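Student: To start, I am sharing the structure in question, which I have written as structure tokens.
The values are calculated or read from the model by the stated rules, or taken from the named source; none is laboratory data. These numbers were taken from a predicted model, which means no experiment stands behind them. Neighbour counts run over all protein chains shown; Cβ positions are idealised from the backbone, glycine included.
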Amino acid sequence: MFAIAAIAVGAQNKKQIIWNNVQNGYSNAGDYVKITNVAMFDDRTEVSFSLYFNGERHEISLSKDMSLYADNNEKKAYKAKSATVIGFDKPYKMTSDTLNFAVTFEPVPIDTKMLMVVEKKWGLVVTNIHNADFIPEGITNTYWRNNATGDWLIGIAKKHLIFDSKIWDIESRTAEKGGYTIKTTDGKTVKIGKLKKGVRTFAIDGRKPVVCSPIVTKSLPDYPQKDNREDFVDNDFADGDSVTIVGWLKDMPQHEWNAGRKFKIRFDNIFTSEQETFYTKVDSLGRFTLKFPLVYTTTVDMDWHTDSHSTVVEPGKTYFFLKDFMNNQILFMGDDVRLQNEDAGYKIFHFLPKNLHCGSFESSENGAMAYKHQIDSLIASDLANFQKYAEQHPNISQRYINYYTRKMKAEQGNLLMLFITRMSMLPQEYVDFVTNELWNRKYAICSIYDTFIHSFLQYQNDKCNNRPAMLKSLKEKGVTFTDEENKIIDEYPEVFKNIVDKIYAAKTDEEYRKWMNFYESSKEIAVVDSLLKKYDEQISLMCYKNTFALIDSVCGSDKIFRDICRTQHLYSNAFFSKQTSLNPWLQEYVDKEIELPSAKRFLMEQHKKYLALEQNEVNLPVFKSADNVANMTDGEKILRKIIEPYKGKIILLDVWGTWCGPCKAALSHSKEEFEAFKDYDIVYLYLANNSPEKAWKNVINEYNVTGDNVAHYNLPADQQSAVENFLNISSFPSYRIIDTKGNIIDLKVNARDFEATKRILDKLKK
């Protein structure tokens, strides 16, 4: 829109230059602010902006203290004169996620090749703004691709060269009639030809000269030929494979350095559906090498603290990764990095409607099917758009097409299984579609797929392992119950459903707590829970057998996928939920039935870890006895009695449970918390909700949540519930601060927000 307007007005001028394929360099606003068009005239320069904020509508203001700088000359500023849409120094409320506007500046030289925008009031900086046809005249800070293969061949910095997936130190650089000879300290020589029609020749270390074009876009342009290879490295989840990433975070701005000097890799572990992180420190220039274990081709996030880039990596491979901050470029170099470069260049952003979530559909068969049809429609539309995109880029590789398609299928599966939070039983058509169309290990290369596996298995486990129904199965095996117990077992399904429906339907915290209290005080619930605990070992064994049989049926002949699913189920139910070592039956099952070596090793490592925890340090003084509150029923009185020994100290209270993933994730950072608050006279008091004794102690030992000022209580269920009711606990983990006089303050405190908690603690010290 702005480009058309600029051309129409500019037609009256003698000179006009339009950049309509603008490339943005580094921006301290990330991808939220982009320059989309530049029009240069004799009397003005017009720059078009696009702002993007997903979610909350933002109020923004544009300062007139905005300038352009041309061709890296920071001594001459071209001032802003006017702006469209939002105006200067006037608050503007965005009405949609995207806002387009234009700013008119004093005229820059008509032959300008590169611009920088600086807005001083709000600190906005966008550097190295240029058109896509920009050809650098020199070679410093340039990158060049092999015109025949399309791959990135070489990069040239002030003091370094990048080629052969390594960074080389430059010893000397000599100019020769428009060309150059560069020698490295390792004795390598690179001869660079004169710039002719936008290309140069590069002869690296005596090799045949290669014709190259400069890379001036954010990533590699389209490759010159099609690659019809279809699949990815499939090592059958072998043990011992790894990936190496050699890289350079080049020219990081100071605030990026201040955020931390680490390069991290994050991806979801297929056996646990939890995120794994591997990191390495970068040197003073931002260079690094990171090698990490990988059992299968996987999508990873490469993270440098303030930003990240997602791509797929394959076991056994080495990649050279460049993030050039000033040019805002991401490039990959290596023997087989086409897919990674395409992934950086062909970013397709698909956004589901904000009002689309399973909670917006009724908890019924009709609601589930309506949700499925909408998800299916959105995925189909996205894939159709991608197909059109692929037709516009005919040389896009088949591997990238397959990767994108699988990513969409993985997302479809994950979204569909979200509905299990609304319904205990999904329509059979719904489950059949998921099983037949989405249950396939080829989608495991996508990071979200492990979550889908977990949700699918959990749903199937709950469906075939109705634990109260297991009590009836025990009757068939000879276990006897009283008449009252039999009556309660028969009535339990309807009682449970009615209460849970009320909890899900609650619209306020008060209503939610009311029905949670009703649940916790229900005689039927209490009797069934008591019987389930009494016969836990027998019931667990039946559940495992049922679920393993179901896994065998849905995985068919794919033994590797079968073992992946078995392992994830074992981890979720034996280790994550119970935090204990394997019982003898499960040990024997793993030994005899799990054939995948990497899966068997993983499970046995987990077993040995918890076995060691159970055999050591179980009598630490941090484990407090509840004898001093025996027979007490009032929640406030129970809590007052517990904190009595700590009078005069600040108490940081943490209410958590061994079954709660976020609780355990928070506990894993306890030492950081203790260090952050070391200057305060604090007692850390932990109250565990619904946590078996062995698991309770194992978690505390595993994360070393210990110290002279640490106390852990695992109260009987009724007393814990009474304390939580007094404190209005409705989510886990929940934190409270108790001051030196015993007052409970700031009910919204989050102990893991160290700075906010410090501000509260500082007030208490005064």
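Student: Could you grab the pairs with beta carbons closer than 9 Å, sequence gap of 6+ or different chains, first residue in the stretch 44-60 and within 15 Å of residue 86 (Cα to Cα) and surrounded by fewer than 19 Cβ atoms within 10 Å (Cβ to Cβ), second one among the charged types (D, E, K, R) and at pLDDT below 80?
Tutor: 52/31
Student: Using the structure shown, decide if residue 346 is touching a helix residue (DSSP H, G or I) at 6+ places or on another chain (Cβ under 7 Å) and modelled with pLDDT of 90 or more. Explain how you work it out, then say what you get.
Tutor: Values: touching a helix residue (DSSP H, G or I) at 6+ places or on another chain (Cβ under 7 Å): yes; modelled with pLDDT of 90 or more: no.
Criteria not met by residue 346.
Student: While we're looking at this one, here's another question. Please find, within the stretch 186-222, the residue that is surrounded by the most Cβ atoms within 10 Å (Cβ to Cβ) out of those that are hydrophobic (A, V, I, L, M, F, W, C) and assigned to a loop (DSSP other than H, G, I, E, B).
Tutor: Start the filter on the stretch 186-222 by keeping residues that are hydrophobic (A, V, I, L, M, F, W, C), which leaves 190, 192, 195, 199, 202-204, 210-212, 215-216, 220.
Okay, now just the ones that are also assigned to a loop (DSSP other than H, G, I, E, B), so 195, 215-216, 220.
Working: 195: 16, 215: 21, 216: 19, 220: 23.
So, considering only residues that are hydrophobic (A, V, I, L, M, F, W, C) and assigned to a loop (DSSP other than H, G, I, E, B), the one surrounded by the most Cβ atoms within 10 Å (Cβ to Cβ) is 220.
Student: Let me ask something else. All but one of (1) among the basic types (Lys, Arg); (2) out of contact with any helix residue (DSSP H, G or I) (no Cβ under 9 Å at 6 or more places or on another chain); (3) under 19 Å from residue 330 (Cα atoms) hold for residue 218; state the number of the condition that does not hold.
Tutor: (2)
Student: Also, quick follow-up: Are any of the residues in the stretch 524-541 surrounded by fewer than 17 Cβ atoms within 10 Å (Cβ to Cβ), out of contact with any Leu (no Cβ under 8 Å at 6 or more places or on another chain) and under 30 Å from residue 441 (Cα atoms)?
Tutor: yes
Student: Would you check if there is a residue in the stretch 565-584 being within 30 Å of residue 711 (Cβ to Cβ), out of contact with any Gly (no Cβ under 9 Å at 6 or more places or on another chain), of a type in the set (D, E, K, R) and not assigned by TED's automatic domain parsing to the domain that holds residue 703?
Tutor: Checked the stretch 565-584: at least one residue is within 30 Å of residue 711 (Cβ to Cβ), out of contact with any Gly (no Cβ under 9 Å at 6 or more places or on another chain), of a type in the set (D, E, K, R) and not assigned by TED's automatic domain parsing to the domain that holds residue 703.
So that you can scan it fast, the table gives a plain yes or no per residue for (1) out of contact with any Leu (no Cβ under 8 Å at 6 or more places or on another chain); (2) assigned to a helix (DSSP H, G or I); (3) at negative phi; (4) at pLDDT below 90:
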| position | (1), (2), (3), (4) |
| --- | --- |
| 412 | no, yes, yes, no |
| 419 | no, yes, yes, yes |
| 426 | yes, no, yes, no |
| 431 | yes, yes, yes, no |
| 434 | no, yes, yes, no |
| 442 | yes, yes, yes, no |
| 459 | no, yes, yes, yes |
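Student: What do you reckon, is residue 128 on the phi > 0 side of the Ramachandran plot and surrounded by 16 or more Cβ atoms within 10 Å (Cβ to Cβ)? Lay out the reasoning, then the answer.
Tutor: Details: on the phi > 0 side of the Ramachandran plot: yes; surrounded by 16 or more Cβ atoms within 10 Å (Cβ to Cβ): yes.
Here the answer is yes, as residue 128 does meet what is asked.
Student: Can you confirm whether the stretch 70-92 contains a residue that is in the same structural domain as residue 29 (by TED's automatic domain parsing), small (Gly, Ala, Ser) and modelled with pLDDT under 90? Don't jump to the end; show me each part of the working.
Tutor: Of all residues in the stretch 70-92, those in the same structural domain as residue 29 (by TED's automatic domain parsing) come to 70-92.
Filter again for small (Gly, Ala, Ser), leaving 70, 77, 80, 82-83, 87.
Add one more test, that the residue is modelled with pLDDT under 90, and what stays is 87.
Within the stretch 70-92, one or more residues are in the same structural domain as residue 29 (by TED's automatic domain parsing), small (Gly, Ala, Ser) and modelled with pLDDT under 90.
Student: Among what's in the stretch 651-666 and is surrounded by 19 or more Cβ atoms within 10 Å (Cβ to Cβ) and among the hydrophobic types (A, V, I, L, M, F, W, C), pick the residue that is farthest from the chain's Cα centre (by Cα).
Tutor: Only one residue tops the list, namely 651.
Student: Keeping to the stretch 361-389, report how many residues are among the small types (Gly, Ala, Ser) and either buried (at least 16 other Cβ atoms within 10 Å of the Cβ) or not in a helix (DSSP H, G or I) (or both). Spell out the reasoning first.
Tutor: So the first thing to find is which residues in the stretch 361-389 are among the small types (Gly, Ala, Ser), and the list is 363-364, 367-368, 370, 377, 380-381, 384.
Next, from what is left, pick out any that are either buried (at least 16 other Cβ atoms within 10 Å of the Cβ) or not in a helix (DSSP H, G or I) (or both): 363-364, 367-368.
Total satisfying the criteria: 4.
Student: Working only within the stretch 102-140, note down all residues that are over 12 Å from residue 23 (Cα atoms) and under 32 Å from the mean Cα position of the chain (by Cα). Give the derivation first.
Tutor: Our first condition is that a residue be over 12 Å from residue 23 (Cα atoms); within the stretch 102-140, this holds for 102-112, 117-125, 135-140.
Across the stretch 102-140, the qualifying residues are 117, 118, 119, 122, 123, 124, 125.
Student: Taking helices (runs of 4 or more DSSP H) that do not extend beyond the stretch 482-582, which have at least 1 residues that are of a type outside the set (S, T, N, Q) and under 30 Å from residue 592 (Cα atoms)? Don't jump to the end; show me each part of the working.
Tutor: Working: elements: 483-505, 509-521, 523-534, 536-555, 559-570.
Helices (runs of 4 or more DSSP H) meeting the threshold: 523-534, 536-555, 559-570.
Student: Kindly indicate whether any position in the stretch 124-134 is among the acidic types (Asp, Glu) and closer than 25 Å to residue 289 by Cα. I'd like the intermediate steps shown before the answer.
Tutor: From the stretch 124-134, those among the acidic types (Asp, Glu) are 133; that's our starting set.
Next, only the ones that are closer than 25 Å to residue 289 by Cα stay: none.
Within the stretch 124-134, none of the residues are among the acidic types (Asp, Glu) and closer than 25 Å to residue 289 by Cα.
Student: Has the stretch 402-422 got any residue that is surrounded by 14 or more Cβ atoms within 10 Å (Cβ to Cβ), of a type in the set (D, E, K, R), closer than 30 Å to residue 224 by Cα and free of Cβ contacts under 8 Å to residues at least 60 places away in the same chain?
Tutor: Yes - at least one qualifying residue is present in the stretch 402-422.
Student: Would you mind stating whether residue 175 is loosely packed, with under 13 Cβ neighbours inside 10 Å and in the same structural domain as residue 196 (by TED's automatic domain parsing)? Give the derivation first.
Tutor: Working: loosely packed, with under 13 Cβ neighbours inside 10 Å: yes; in the same structural domain as residue 196 (by TED's automatic domain parsing): yes.
Criteria met by residue 175.
Student: Something else about it: Here's a check for you: in the stretch 275-313, which residue that is among the charged types (D, E, K, R) and outside any strand (DSSP E or B) is modelled with the lowest pLDDT?
Tutor: 307
Student: Additional query: Only one residue in 545, 477, 502, 472 is under 24 Å from residue 718 (Cβ atoms), outside the structural domain of residue 437 (by TED's automatic domain parsing) and of a type in the set (Lys, Arg). Which one?
Tutor: 502
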